[in-house]
Amino acid sequence: MLNKIDQLTPQLRLKPWRAMMLFGFLILGLIGLIARAVFLQGVNNDFLQKEGAARYSKVVEMSADRGMIKDRNGEILAISAPVASVYADPKLIEITPGQLEQLARLLQMEKSEIERRIYRKKGRFVYLKRWIVPEIAERIADLKIKGIAFETEFKRYYPEGEVAAHIVGFTDIEDRGQEGVEHGWNAVLKGEIGKRRVIKDNKGRIIEDVENIRAPRQGQDLVLSLDRRIQHIAHQELKRAAVQHQATAGSIVVLDAQSGEVMALSNFPVYNPNSPITREMIDNRVLVNRAVVDTYEPGSTLKPFPIAVAIETGLVNPETVVQTAPGTFRVGRSTIRDVSNKGLLTVAEVLQVSSNVGTVKIALSMPAQTLWEMYNNAGFGQLIHTGFPGEAGGVLRPYNKWRPIEQATMSFGHGLSVSLLQVARAYTIFTTGGELKPVSVLKQDFPVMGQRVISRKTALAVSQMLELATQPGGTAPLARVDGYRVAGKTGTAHKLVDGKYAKNRYVSSFVGFAPVSNPRLIVAVVLDEPSAGKYFGGAVAAPVFSQVMTTALRLLNVPHDALSGEMAIAPVHFSAGGDG
């Protein structure tokens, strides 16, 4: 029976050569697997580790704090504070309609905009909103939306707001300087971002720090020459005057009369760097630092310079008499005019009453090259190199291309262009005994060397002549400061529009310094197109000078050099020539 069953069971038998071939294939397969394992674990181990690490190991950046900006007394003008930015991973996002509604409300965004960002097909990272306050970030975290996370960034804050906007500037959302000191010294302030390697889970959360690849380098702090207290009063008085006289724009600069440091600088119109920058602000040039970037024809504020070089070269002295009658003077086919017939004037009186005729006669008595060299040595037509973006050098044409009428008009500030900061700097020649000082936006801890332009004796003579301009009979009695001797010069120039002088559009200015006995501050003011009725520099700009100088001298505890209510000056007796 068993034999019959065995006979019915099929017998599977391979021929010997087939069995050997199958066995051989099995051996070869085993060898291949071993070889592949050796290759992967040995020869190509770096690649596998790299690919494996890419799934969980990430290199993330570590923010570097931007340096603070402070005024000369240590008051903070710009500082960075940590804020949260919300981002999403579109491939991980899981959000309910209710969560979407709450998220949109907290972020103050449209639901459609959030959906457009989180449901896009490409990418694993998209910002929903940057720079949100910590309280809002906490409330969003409480929603526990999968795929939503936060990163810490730094937002710039400006405690002084619009008051110091044009000198400090602002940064963009990437913390890069865009204007002012923030832009000019961006490389110093920004620091260097660090990097670290971390391990993240499948939800993108950091669960372990592995190593620091590069530590962040914090940005350096900057100490400006600015005095926040003087900046406040300069800003307020400029803004008040611009509104009162309905000016389209205005600028003010306050310099240390001995070092050239910028103690204050403001422009109108102005903006708040803590608020978003709009296209309208850009189009209307609200962000422009006009005192540095814009140029204008300075008018009579330049008259001290041709008179100074005439004294220096021995052509005249302050007591030299100049005939200005009948109040007009022909130069070629053109006529130079005074406001009225002043008759015989001394050189000192020419400056006191701002006689165009007298100034032109003095200027034409010297070679054109001599006047050009004075203007050039005073820094006109050249960059100051303050570090501010867009700084203007102005225009001073070569003297060999001047016609007589151009030499005449340049003597009273027409036919060349300057910035307000250039004019303020040029007046350091009269406050330092003849030296032109460099301008600095950063605080200087050591004496600053200048370039000698005229002799100390000439500088003193011109200073005392400029003091006459603020006395009764001068063009700027409204510039006086109670208890201090004040010197300065007014400027009222027709505005150049499309290559022609506009009949009823003016640029009004005043530049001066105090105290005359030991100059401490220079204040330069310009108002563009005052249109409320008054436009002379003595009526529009000089009062701004007076208010700012009065407060600033008191803040700095500068001793009086005149009796209260008195502006006494000593007469100047000057022999021709300079003492070098």
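The values are calculated or read from the model by the stated rules, or taken from the named source; none is laboratory data. Since the model is a prediction, treat every value here as computed from it, not as a measurement. Cβ coordinates were reconstructed from backbone atoms using ideal geometry, including for glycine residues, and neighbour counts include every protein chain displayed. In case anyone asks, the SASA skips ligands and DNA or RNA and just uses the protein heavy atoms, side chains included. Shrake-Rupley method; radii C 1.70, N 1.55, O 1.52, S 1.80 Å.
Inter-part distance, the range 86-109 to the range 265-290, computed on C-alpha centroids, equals 35 Å.
Think of the chain as having a plus end and a minus end, set by charges on the Cβ of Lys, Arg, Asp and Glu; of SER463, ILE76, HIS235, ILE76 sits farthest toward the positive end of this dipole. Pairwise alpha-carbon distances in the chain exceed 47 Å for 37% of all pairs. Rounded, prolate or oblate, given the Cα gyration tensor of the range 79-162, with a/c below 1.5 counting as rounded? Because a/c hits 1.5 or more and a/b exceeds b/c, the range 79-162 counts as prolate. Remark: the range 434-576 projects, on average over all directions, an area of 11.4 nm² (convex hull of Cα atoms).
Every Cα-Cα pair of the range 332-410 was included, and the share exceeding 19 Å stands at 50 percent. As I understand it, the value is the acute angle between the Cα axis of helix 97-107 and the longest principal axis of the Cα atoms of the chain; what does it come to in degrees, rounded to 10? Helix 97-107 and the main axis of the chain meet at about 20 degrees.
Ratio of the range 491-566's C-alpha Rg to 2.2 N^0.38 Å, to two decimals? Each step should come with its number before you reach the end.
On the way: Rg = 15.5 Å, N = 76, 2.2 N^0.38 = 11.4 Å.
The value comes to 1.36.
The angle between the Cα long axis of helix 542-555 and the longest principal axis of the Cα atoms of the chain comes to about 70 degrees, rounded to the nearest 10. Protein heavy-atom accessible surface, 1.4 Å probe, per residue over the chain: 49 Å².
With n ≥ 4 as the cut-off for DSSP H runs, can you work out [θ] at 222 nm for the chain, using -39500 (n - 2.57) per run divided by the number of residues, rounded to the nearest 500? Each step should come with its number before you reach the end.
Details: 22 runs with 192 residues, N = 580.
Estimated from H runs of four or more residues: -9000 deg cm²/dmol.
Of the two radii for the range 225-328, the radius of gyration is 1.13 times the Kirkwood radius, both from the alpha carbons; that is the Rg over Rh value.
Each Cα pair of the range 272-387 feeds into the Kirkwood radius, which the Stokes-Einstein equation turns, at 37 °C and 0.692 mPa s, into a diffusion coefficient of 194 µm²/s. Return the percentage of antiparallel bridges among DSSP beta bridges fully within the chain, rounded to the nearest 5 %. Restricted to the chain, the bridges split so that about 95 percent are antiparallel.
The heavy atoms of VAL163 present about 20 square angstrom of accessible area, all protein chains included, probe 1.4 Å.
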